[in-house]
Amino acid sequence: MASSNTNETVESHRQGSEKLVNHFAKARANRPARKYQEFKKKYGGALHNQEATFRVVSNGFNSCCKSVILHVDLTSYLFNCGDGILRHMLENAGKWSKLEHILITSKSWRNVAGTLELNGTMAETGNRETPLCIHGPESVDCLVNVDRSVRSFARDVMGIVERHSPEQLYIDNAVTIQSILLFDCKKPTDQAAAACAYKIAFKGEKRKVNTENLVKLCVKPGPWLRDIVEHNKTVEVGGKTITPDDVLCRPGHTDVALVLECPTLNHLPDLIRKTEQLSRRNDNGEFVDILVHLTPDSVAKHPEYLEWMSQFPETTKHLMVSESVPSVGLKYAWEQQVHLNMVDDSIFPLLHPKPVEEPSVEANESTNILYLKPNSIYTLRPLSYKGLNNSQVHKGTKEAAYGYFKSMELVEQAVKDRVSLTCQVTKREYPILTMLGSSASVNTKTRNVSGILVEIEKDSYILLDCGYGVAGQLVRLYGEEKSSDILRNLKAIFVSHGHADHHAGILGLMGKRKEALGDRVAPKLFFIFPRKLNLWYDHLNQQFPGCMENVRAVFGGFLLKDNIPPKKLQEHSQSVHLSRLLLPP
């Protein structure tokens, strides 16, 4: 009886805590959302381009995709949405409550694996009052669409998603976006295999009234002037036809940016062929002002690509987002681990990249090629702030992580003296459990959602649940080399139930596993999941067949004692290197 009362009390506390967390999450999310929606109704979606900034969300280091976000007045545009993108956006995206557009540069697992996570989380936290528009090649919205088939048990709330075709010009009150497809030379007609470059023309600033011209017209100012200033209309006043050019100052220079990914060398011939279309502005034929490169380093360093870049004049700024530049993408988690490492360095090892003694030398803006890191900001407007700002980029030193502590030697010694419960591991005994995530429902700045890595024996692993961002957690904890070894020796993935925070990281993990295997023959991997995820699994297999190579799907219900013969049960357990499987009756 006492046990029953205790369970009821614990459950009551748990439900109360969840309601409180959800209440504050929605309150925090709704405040900026309401503010921006009210502004948009008042100003029609733009504040005459008072703000335009590119901000690096992730540079591709530590497994995440290359991603930048463009803030223009009251709307934000995210380029690429990889696995675990939400944690990067919480730290490096600024006011992402304004996000209304996701622009995918190529349909690869690396660029689209986070669309389900981002769409579901924004809708669930009340951060969406308008449809999320996805731009890009054919089927880039595949993950969001398939989630609708499992939403009844994955998430009760899903945001409305619209798809914008690359053949159409996108125009709103802040920007005009032209999509240009770059085809694979081996698949010249396959849109799904094509990359998509985006040429973005920013609307000009609000033109001011030229008082001298107004006096020369000998016309009394009135409501007609507002029609010209606000709506750029031609009006009739006192028998005179007055155009905007008659009373307004000349329009200033409007910037044009190009966001580009050339994913493989097979796309390079079409890139070179379309140089004129990509590099020139549509209004006057001049070169674009900003070129954001999301191209992999293996292609960006190719002589033909470098020669293509040299065709642009020095006035064009090249913003290079390079995965080979070590960077602290998730500074809060990285700093927290540095603090915990002082308590016990065996339980809390330092995350990758390891702390450095001296910060790297900042980019010299005197050149027209700039290498950016997460949280690098390039401002186009206002003009007084135009240029590169690296003040928010983490230096990657221990001193930066220690923050306000004055003498870290004294702090470290005090921590070691006071902690008496440290675990002295003299011999590693199997199984070894590693918590890759413990957050509930959504990722936070310091915690990832569900994922537990179990090392059954030497170089033999299974994974219990795989929420979004788990692949990135592996790389941050073990580094590229060790995490690749783990993925090559992964025997099985168990998914406990159908919520997205327990299975939505599968695509990112399997894509990383495919990279780790390279030309090797993929060993058999058991994927054990609830039957309700069957549609979702089949869709992944169809859209990304290379990632799901040699995977044997097993429905969890088949492992019940009544449904599986003892011989088959023994075969499954030996396949995943377990001595036995204890199944529910």
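The values are calculated or read from the model by the stated rules, or taken from the named source; none is laboratory data. Just so we're clear, the structure is a prediction, and the values are computed from it rather than from any experiment. All Cβ positions, even for glycine, are placed from backbone atoms using ideal geometry, and neighbour counts span all protein chains on display. Surface accessibility is based on the protein's heavy atoms, side chains included, excluding ligands, DNA and RNA. Shrake-Rupley method; radii C 1.70, N 1.55, O 1.52, S 1.80 Å.
The numbered conditions (1) at pLDDT below 85; (2) under 19 Å from L487 (Cα atoms); (3) of a type in the set (A, V, I, L, M); (4) in contact with a Ser or Thr (Cβ under 8 Å, 6 or more places away or on another chain) are all true for A522 except (4). Considering the stretch 515-544, the residues that are among the aliphatic types (A, V, I, L, M) and in a loop (DSSP other than H, G, I, E, B) include one that is most open to solvent (accessible area, probe 1.4 Å), namely V521. Just one residue in the set L258, L214, L278, L291 is in contact with a strand residue (DSSP E or B) (Cβ under 9 Å, 6 or more places away or on another chain), surrounded by 15 or more Cβ atoms within 10 Å (Cβ to Cβ), on the phi < 0 side of the Ramachandran plot and not in a strand (DSSP E or B); that residue is L278. Scanning the stretch 299-318 for residues that are within 25 Å of the chain's Cα centre (by Cα) and in contact (Cβ under 8 Å) with a residue 12 or more places away in the chain yields V299, A300, K317, H318. No other residue among S407, S391, S384 is at pLDDT below 75 and not β-branched (V, I, T) apart from S407. Put simply, of T379, T367 the only residue that is out of contact with any Pro (no Cβ under 7 Å at 6 or more places or on another chain), outside any helix (DSSP H, G or I) and at pLDDT below 90 is T367. Scanning for something assigned to a helix (DSSP H, G or I), of a type in the set (S, T, Y) and open to solvent by 10 Å² or more (accessible area, probe 1.4 Å), does the stretch 490-497 turn up at least one residue? Looking for residues that are assigned to a helix (DSSP H, G or I), of a type in the set (S, T, Y) and open to solvent by 10 Å² or more (accessible area, probe 1.4 Å), one finds none in the stretch 490-497, hence no.
Just one of the listed residues (L535, L540) is within 22 Å of S484 (Cβ to Cβ) and not charged (D, E, K, R), and it is L540.
The set of residues from the stretch 328-357 being within 12 Å of K398 (Cα to Cα), touching a residue at least 12 places away in the same chain (Cβ under 8 Å), in a loop (DSSP other than H, G, I, E, B) and among the charged types (D, E, K, R) comprises just one member, E357.
Sub-7 Å Cβ pairs linking a first residue in the stretch 202-229 that is touching a residue at least 12 places away in the same chain (Cβ under 8 Å) to a second residue that is of a type in the set (G, A, S), at least 6 apart or interchain, are F202/A52; K203/A46; K203/A174; G204/G252; E205/G252; V219/G238, ordered by first then second residue. A count restricted to the stretch 240-255 and to residues that are at pLDDT 80 or above and either in a loop (DSSP other than H, G, I, E, B) or of a type in the set (S, T, Y) (or both) stands at 3.
Can you confirm whether the stretch 428-444 contains a residue that is open to solvent by 40 Å² or more (accessible area, probe 1.4 Å), charged (D, E, K, R) and in contact with a Pro (Cβ under 9 Å, 6 or more places away or on another chain)? No, every residue in the stretch 428-444 fails to be open to solvent by 40 Å² or more (accessible area, probe 1.4 Å), charged (D, E, K, R) and in contact with a Pro (Cβ under 9 Å, 6 or more places away or on another chain). Only one of the numbered conditions (1) open to solvent by 40 Å² or more (accessible area, probe 1.4 Å); (2) within 25 Å of C81 (Cβ to Cβ); (3) not in a loop (DSSP other than H, G, I, E, B) is violated by G508, and that is (1).
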